[in-house]
Amino acid sequence: MSAIQDSSQLIVTDFGPIQQADINLRPLSVFIGPSNTGKSYLAILIYALHCYFGSYQSRLFFRSDQEFRSLLNFVLPDGIGNLRDSLTAIGKQLTELEADDSGAQNEVVIPEPVAAVLRAMFREAAGAGLKDEIARCYGLDTKLLRRRDANGSSRVILRIRPVESAEPLEHHLILKSRKVTSRTTIPEGMPLKLRRGSARPMPSSLSWLYSPQLEFEDYLESDGSEVRIGRIQLLQFIADSLAVSVYGPFGRSAYYLPADRTGIMHAHKAVISAVLENAAMPGIRQVLNTPLLSGILADFLKGLIASDNASRSFPENMMRPKEILEICEKIEREMLGGSITIEDSEMLKYPQFSYQPKGWSDSLPLKNASSMVSELAPVLLYLRHQVDPGDVLIIEEPESHLHPSMQVQFTRQLAAIVNAGIRVIVTTHSEWILEELANLVRLSRLKKPDRVKIDGGNVALTRDKVGAWLFQQGQNSDGSTVSRIDLDESGLYPSGFDDVAITLHNTWARISNQLEK
């Protein structure tokens with residue numbers, strides 16, 4: 001399939017506190033607005049969509065020949081002869097594409113009826129699993145996610161538009177009072193293409209799949225590897241490669257750092273110990289006495305453990321992108337004044353995080369470090385051990401526990417993270433973050449030699465990389481609406497923070513007038 005644009009359109013109607021939202025996600029997306037307007041609701045939804053669409057491989061896999069034949073009989077009632085011939089041709093073209101070093105051939109067009117089968121595979125892959133993943137991430141039944149005052153159903157539409165197509169791909173989730181439905185739609189007129197570099201690496205034995213003497217159900221065993229690959233596997237290989245375009249950026253991994261991450265970092269030892277204790281004592285305590293974690297909190301805890309495992313597997317970070325590691329080092333050097341370390345676990349697969357101030361021979365338990373250190377520690381851990389370019393890092397309220405000057409510095413590091421290829425989403429109430437973000441966008445209009453004359457001018461973001469979205473409460477408490485805001489004539493984002501400053505100044509003036517009487 002053709003390459004997709006850098007942004008994806010997400011349309012949300014009557015979901016949680018949100019009445020209407022229509023956003024185009026950018027490499028850096030910023031959610032702004034008063035409390036209780038749905039910023040976190042939308043961020044969690046985006047995370048849930050990544051969790052679901054990022055696990056497409058298991059849903060595109062046929063569990064049995066009978067399941068595969070049932071799909072074929074539904075899509076191709078006139079027989080599978082043409083499908084056999086088309087797969088033979090595709091297998092040959094893919095092999096030639098991989099072997100062509102000249103670059104003369106750049107894509108393979110998927111013919112009918114293979115395209116018809118692929119569209120059906122993606123449609124069937126939608127299923128009810130999306131509903132379950134959203135419920136897991138929120139820790140709520142999906143029925144409770146419908147806006148309370150909504151008359152109709154709640155709708156979530158993810159729209160991905162390939163550059164060369166007039167029609168978009170669409171993924172729908174509809175929440176009704178008693179029923180939840182989801183579907184994926186690939187327009188029939190949209191050409192399906194595998195481009196060079198978009199397909200996954202070809203198995204070595206796949207080159208034999210275009211042999212005309214093979215029957216459709218036959219398999220081939222590669223020499224000595226005992227790997228059997230047939231035309232069913234070829235079809236799944238094609239679907240797996242197309243998923244990069246069908247799901248777009250949402251097919252990549254996402255990582256969610258919740259607003260209360262500092263408290264979790266301090267209490268994670270007790271939380272995990274309680275989970276392990278209850279797991280080892282089935283039937284002794286009632287399940288209802290154990291509070292359940294939402295998916296984002298459970299995933300955050302698992303992510304901390306994964307950081308420990310990653311540090312043990314690659315202690316010198318040899319497999320991590322150099323640019324990302326340099327950002328981590330700069331945050332430690334210029335903001336934390338020390339380093340975040342993972343100490344030996346007290347029990348199996350259990351991490352213990354510490355902070356070692358610069359010049360100290362000993363380290364402190366993270367709970368004894370400043371709140372700023374605890375706030376930034378999970379950002380460093382995720383960047384250093386898990387998040388890759390193309391992935392999404394979602395940070396709630398990055399300004400928490402940070403002095404305004406540190407908020408400005410961290411905003412610059414977020415820009416550097418985006419320039420390193422990681423997509424970032426933040427929810428914020430900080431005027432300092434927005435003003436520095438506006439400066440970074442305006443800096444991009446200067447030539448590089450002129451940027452270095454300005455403090456912090458070594459990092460900039462072009463306007464197309466940033467999307468700022470204002471959440472506002474609707475009239476009569478009808479739910480919030482979300483609208484995009486751009487730089488105004490003064491070069492700032494009109495977030496409404498100025499209204500608070502003006503109110504405070506007017507109050508100060510009135511008090512001063514009374515004191516002078």
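The values are calculated or read from the model by the stated rules, or taken from the named source; none is laboratory data. Remember, predicted model here, so these are calculated numbers, not experimental data. Neighbour counts are summed over all protein chains in view; Cβ atoms, including those assigned to glycine, are modelled from backbone coordinates with ideal geometry. Note: accessible area is taken over every heavy atom of the protein model, side chains too, but ligands, DNA and RNA are not part of it. Shrake-Rupley method; radii C 1.70, N 1.55, O 1.52, S 1.80 Å.
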Of all residues making up the stretch 60-95, the number that are modelled with pLDDT of 70 or more, within 18 Å of Met121 (Cα to Cα) and among the charged types (D, E, K, R): 3
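Applying the selection to the stretch 121-154, what residues are part of a loop (DSSP other than H, G, I, E, B) and more than 20 Å from Ala21 (Cα to Cα)? Break it down stepwise before answering.
First, the residues of the stretch 121-154 that are part of a loop (DSSP other than H, G, I, E, B): 127-128, 139-141, 147-153.
Residues satisfying the conditions are Gly127, Ala128, Gly139, Leu140, Asp141.
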Residue within the stretch 423-439 that is modelled with pLDDT of 90 or more and over 22 Å from Gly496 (Cα atoms) present: yes
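Tell me which residues, restricted to the stretch 370-389, are open to solvent by less than 20 Å² (accessible area, probe 1.4 Å) and not in a helix (DSSP H, G or I).
Going residue by residue through the stretch 370-389, those that are open to solvent by less than 20 Å² (accessible area, probe 1.4 Å) are 373-383, 387.
If the condition is that a residue be open to solvent by less than 20 Å² (accessible area, probe 1.4 Å) and not in a helix (DSSP H, G or I), then Val387 is the only one that fits.
Name the residue, out of Ile264, Ile238, Ile272, that is in a helix (DSSP H, G or I), among the hydrophobic types (A, V, I, L, M, F, W, C), modelled with pLDDT of 80 or more and farther than 20 Å from Ala420 by Cβ.
Working: Ile264 fails: modelled with pLDDT of 80 or more; Ile272 fails: modelled with pLDDT of 80 or more.
Answer to the check: Ile238.
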Scope the stretch 357-368; condition open to solvent by 20 Å² or more (accessible area, probe 1.4 Å) and either closer than 24 Å to Ile395 by Cα or in contact (Cβ under 8 Å) with a residue 60 or more places away in the chain (or both); matching residues: Pro365, Lys367, Asn368
The stretch 427-442 residues that are at negative phi, paired with ones that are of a type in the set (S, T, N, Q) and not in a loop (DSSP other than H, G, I, E, B) (beta carbon under 7 Å, 6 or more apart): Thr427/Ser40; Ser430/Gln407; Trp432/Gln407; Ile433/Gln407; Ile433/Thr411; Glu436/Thr411; Leu437/Thr411
Which numbered condition Glu112 fails, given (1) modelled with pLDDT under 85; (2) part of a helix (DSSP H, G or I): (2)
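Matching residues to (1) free of Cβ contacts under 8 Å to residues at least 24 places away in the same chain; (2) over 19 Å from Ala43 (Cβ atoms); (3) surrounded by 15 or more Cβ atoms within 10 Å (Cβ to Cβ):
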{"site": "Ile134", "(1), (2), (3)": "no, no, yes"}
{"site": "Tyr138", "(1), (2), (3)": "no, no, yes"}
{"site": "Thr142", "(1), (2), (3)": "no, no, yes"}
{"site": "Arg147", "(1), (2), (3)": "no, no, yes"}
{"site": "Arg161", "(1), (2), (3)": "no, yes, yes"}
{"site": "Leu169", "(1), (2), (3)": "no, yes, yes"}
{"site": "Ile174", "(1), (2), (3)": "yes, yes, yes"}
{"site": "Lys179", "(1), (2), (3)": "yes, yes, no"}
{"site": "Arg183", "(1), (2), (3)": "no, yes, yes"}
Those residues of the stretch 478-499 which are hydroxyl-bearing (Ser, Thr, Tyr) and either closer than 22 Å to Ala21 by Cα or in contact with a strand residue (DSSP E or B) (Cβ under 8 Å, 6 or more places away or on another chain) (or both), in sequence order: Ser480, Thr481, Ser483, Tyr493, Ser495
